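Working notes, beginning with the structure itself.
The values are calculated or read from the model by the stated rules, or taken from the named source; none is laboratory data. All of these numbers come straight from a predicted model, not from anything done at the bench. Here the Cβ positions follow ideal geometry from the backbone for every residue, glycine too, while neighbour counts run over all protein chains shown. Calculation scope for accessible area: heavy atoms of the full protein, side chains included, ligands and nucleic acids excluded. Shrake-Rupley method; radii C 1.70, N 1.55, O 1.52, S 1.80 Å.
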Amino acid sequence: MAQPLLNGGVMMIENGTVPGGNFLIGTTVRDLFTCEDLSNEDRVIAEIAESFVRREILPRVDAIESQTPGLMRSLLEKAGELGLLMFDIPEKHGGLGVSKAASMLIGERAFKLASFSVAWGAHTGIGTLPLLFYGTAEQKERYLPSLMTGERIAAYALTEPGSGSDALGARTKAVPTTAGDGYHLTGVKQFITNGGFADLFTVFAKVDGEKFTAFLVERDTPGVSIGPEEDKLGIKGSSTCQLILEDVFVPVENLLGELGRGHKIAFNILNIGRLKLGAGALGAARECLEAAVKYASDRRQFQTPIVEFGAIQRKIADMAVRIYVADSLSYRTAGLIDALLARLEPADPDYDAQVIKAIEEYTIEQSIVKVFGTETLDFVVDEGLQIFGGYGFVADYPLERQYRDSRINRIFEGTNEINRLLIPATVMKRVMTQGLPVLEFMQDVERELAQGNGDVMPCDGPLGREIDAVNQAKKLVAYTTQLLLQREPAEVGRKQQHLEQLADMIIDLYAMESAVARTQKLIARRGEEKVKFERDLTAVFVGEASERLAAHARQLFGNDTTGDELERSFAVIERLTPYRPVGTIDARTRIAEHVTGQAGILA
């Protein structure tokens, strides 16, 4: 990436795009990409995907969930016939080459049955993209065409029985042949999605016991075998097996990327997976909300539809709020990546490598999308099941399956705990090595606090209070980050509870700003009168997030400071969280009535 520049307090990359982590500094953004910015062409492709799922997948739920032999593979092949396995592949390789935002919409709209979506997403995402971004021209020519049609199915083999989050602790070994024409791979890979029927595996192994490297391994290679299907809590229709490698010869031309650089492939592909998983979770959350609202509208207790009860309305409103915010931050992140990709030249021989760098730029944001999206789904499906009452616990109703299916998402693509540690770690790394000017922003905040400036001023406009809340939240996050930056790097790494609290503050800040800026953009387009619903959604979330930010900051300073310093810190926290949740109970009532009265309003 080019050296970042400061432009009016907003950090910019030389080509005019916004770098990763920029939301931590400056003032509230005035424009960002939202789902409302998607083109009609994007929506047409997404509608094709959704129609396919409704026509081919949903009528076969029972057969899919029981893993009818050959069915999942045949469905992926049918998806390939419609071009639904090639939307992430650039046109120069024969694919559709849609934007990251359009890809997110496709995944979201088609996420109706998790078992199929997991199989489909594993093939088109972590299964195929390592080859796309790191493969040689010959490797791409050999494998990409059949992967795009579904003739071959791909899988990603990183996890091992003894190494989950510690991917680099893998024990699978790759021994070079004496002739130098290849490697012999031996080891076991665990929890491989599509493992039961995949034809091509991206396998990670250590050469000479230390050089972590990726290889393309074909299923019919001697020494490759597949373990039995795992009996899982959820996503029962997807294939999850061990991949067993016993002295498997892999020719040197199937080494993927550079020798000893497999960690770059593993982690960058997981970044993409996190973005896609967040979108899928968002789509599933919409389905759960729709089912809960329909049930609550039909179900009567005490001669009254339960949707009219305040306790149920509160649940519906809280579900809708989380979905709106998840939508806002997800498409914002996709838009950031697309803006950077738009500056690249597809004909450049290094284009694929530049795409990876662009995706890596937004590591922080993609982890946020994953954490917020998957936890939104868990929240929504849990509240949705509660609305169903005892019927939600019965397999005849969809929430029972969706409840089980949702749980894996907080483990997939790096656990949410790992992502929470990754977010502040990446921020601190960029502060110290890549010029993200958080330190300068911290100094500005300190000067402002010392001079007694920055107090809450009367705000103009329909979102004045919310905009001010975001601006103050940025200062609070910077003020709190400074507490940890004063430590030695090794010491910070051991403070996982501290880092988790800071990560939650960063996540809430990004979520607040995304929702506020989106609603501000909608008001500019439609007028204030037509955006009352979105204003209520935003106000409720900002109120809750502001209180969480203050609570996290108090816990961190309350643990690490004492005496006068502690009292001063608590006073600063109070000063930097001025937003008060005014009228949010009535706002929740209006939100629930709006959602109930307009089915699909959040779609």
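Points to keep in mind about this one:
- Residue-averaged [θ]222 nm for the chain, counting only DSSP H segments that reach four residues, each worth -39500 (n - 2.57): -18000 deg cm²/dmol
- Semi-axis lengths, largest first, of the ellipsoid equivalent to the chain are 39, 31, 22 Å, with √(5λ) applied to each eigenvalue of the Cα gyration tensor.
- On a per residue basis, the chain carries 41 Å² of accessible surface, using protein heavy atoms and a 1.4 Å probe.
- Restraint check, LYS236/LYS357; LYS112/LYS429; LYS173/LYS232; LYS112/LYS475, Cα-Cα greater than 30 Å: LYS236/LYS357; LYS112/LYS429; LYS112/LYS475
- Debye-formula intensities of region 232-343, expressed as log10 I(q)/I(0) at q = 0.10, 0.17, 0.18, 0.23 Å⁻¹, are -0.59, -1.04, -1.09, -1.24 (one equal scatterer per alpha-carbon, no solvent).
- Of every Cα-Cα pair in region 503-587, the percent that sits beyond 19 Å: 49 percent
- Spatial separation of Cα centroids for region 224-253 and region 309-379, in angstrom: 30 Å
- Solvent-accessible area, 1.4 Å probe, carbon plus sulfur percent, for the chain: 52 percent
- Note on region 278-342: Cα-Cα pairs beyond 20 Å make up 43% of the total pair count.
- Its Cα gyration tensor gives region 378-431 an equivalent ellipsoid. The semi-axes, each the square root of 5 times an eigenvalue, are 35, 11, 5 Å from largest down.
- Compared with the alpha-carbon gap, the fully stretched path from ALA179 to LYS294 is longer by 34.8 nm at 0.36 nm per residue.
- FRET efficiency for the pair GLU446 and THR562, taken as 1/(1 + (r/R0)^6) with r the Cβ-Cβ distance and R0 = 22 Å, rounds to 0.65.
- Derived scalar couplings ³J(HN,Hα) [region 118-133; Karplus, 6.51 cos²θ - 1.76 cosθ + 1.60; whole Hz; x for Gly, Pro]: 5, 5, 5, x, 5, 5, 6, x, 5, x, 9, 5, x, 5, 4, 8
- Packing, as the average of other Cβ atoms within 10 Å across residues, places the peptides 175-186, 82-93 in the order 82-93, 175-186, highest first.
- With all pairs of different C-alpha atoms in the average, the Kirkwood value for the hydrodynamic radius of region 9-119 is 16.5 Å.
- About the centre of its Cα atoms, the chain shows a dipole size close to 720 debye [charges on the beta carbon of Lys, Arg (+1) and Asp, Glu (-1) only; nearest 20 debye].
- The alpha carbons of region 42-87 occupy a box of 33, 17, 10 Å along the principal axes, longest dimension given first.
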